[in-house]
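The values are calculated or read from the model by the stated rules, or taken from the named source; none is laboratory data. Owing to the predicted nature of the structure, the values given are computational and were not obtained by experimental measurement. Neighbour counts run over all protein chains shown; Cβ positions are idealised from the backbone, glycine included. Remember, those area values only see protein heavy atoms, side chains included, never the ligands or the DNA or RNA. Shrake-Rupley method; radii C 1.70, N 1.55, O 1.52, S 1.80 Å.
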Amino acid sequence: MPRIDTASARSLLAANPDVLAVDVRTPAEYDSAHIDGAINLPLDQVDAHLRRIVTDAGGTMVLICQSGNRAERARQALAEAGLTDLAVLDGGMNSWIASGAPVIRGRPRWALERQVRLVAGTIVLTSVVASLWAPGAAIVAGLVGGGLAVAALTDTCAMGMLLAKLPYNRAGGFDVEAAIAALRRDPSRA
């Protein structure tokens, strides 16, 4: 079950308390709006603590991000490391919210994808305007365009990974130890 639509995810989460909703967005995105009971474990922390997660995780996991791309990357990493009972919420929080499914709302923040569009667009616009006085500045716009093309082809985004490390995106009181502990197998379920 690599991809699951919102209606199926809602049913699965409601019917089975052992199913874990794992949100791989940044703490700030999670704080903005998240599924009740979801565990926030940002994608970079999945990568950094992969072995521990695989060792400790129990039960089915529904992986969630803003649109489904980061959750798919987390699913691939976890599957390659040995976890099999994983699903990605197709369309991510965008689909969840659009369907009218309930969310816990906090302080509104921009999604990481929106931040990337802002930064990339600003760099390109600034480079093109600067190229009127310094023609070499257009090279920067070309580099950003090339980076965006590579991001689309590889389904990764270096700019997004860098932006995720900014304090703005780290706000929300994230605790990796608490998140990993929440993934641990409950001995009463074994």
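Just a yes or no: is a residue in segment 11-34 surrounded by fewer than 16 Cβ atoms within 10 Å (Cβ to Cβ), touching a strand residue (DSSP E or B) at 6+ places or on another chain (Cβ under 7 Å) and either outside any strand (DSSP E or B) or modelled with pLDDT under 95 (or both)? Before you say what the answer is, go through the steps one by one.
First pass over segment 11-34, keeping only residues surrounded by fewer than 16 Cβ atoms within 10 Å (Cβ to Cβ): 11, 14-18.
From what is left, the residues that are touching a strand residue (DSSP E or B) at 6+ places or on another chain (Cβ under 7 Å) are none.
For segment 11-34, residues surrounded by fewer than 16 Cβ atoms within 10 Å (Cβ to Cβ), touching a strand residue (DSSP E or B) at 6+ places or on another chain (Cβ under 7 Å) and either outside any strand (DSSP E or B) or modelled with pLDDT under 95 (or both): absent.
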Neighbours by Cβ (under 9 Å, 6+ apart or cross-chain): first from segment 49-61, touching a residue at least 40 places away in the same chain (Cβ under 8 Å) and among the acidic types (D, E); second open to solvent by 40 Å² or more (accessible area, probe 1.4 Å) and assigned to a helix (DSSP H, G or I): D56/A181
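Test L162 against the criterion of being assigned to a helix (DSSP H, G or I) and open to solvent by 60 Å² or more (accessible area, probe 1.4 Å), and give yes or no. Don't jump to the end; show me each part of the working.
Working: assigned to a helix (DSSP H, G or I): yes; open to solvent by 60 Å² or more (accessible area, probe 1.4 Å): yes.
Answer is yes for this residue.
Listed here are the residues, each with its yes/no results for (1) hydrophobic (A, V, I, L, M, F, W, C); (2) free of Cβ contacts under 8 Å to residues at least 12 places away in the same chain; (3) touching a strand residue (DSSP E or B) at 6+ places or on another chain (Cβ under 7 Å).
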| site | (1), (2), (3) |
| --- | --- |
| Q76 | no, yes, no |
| E80 | no, yes, no |
| V88 | yes, no, yes |
| G92 | no, no, yes |
| I97 | yes, no, yes |
| R114 | no, yes, no |
| L132 | yes, yes, no |
| L148 | yes, no, no |
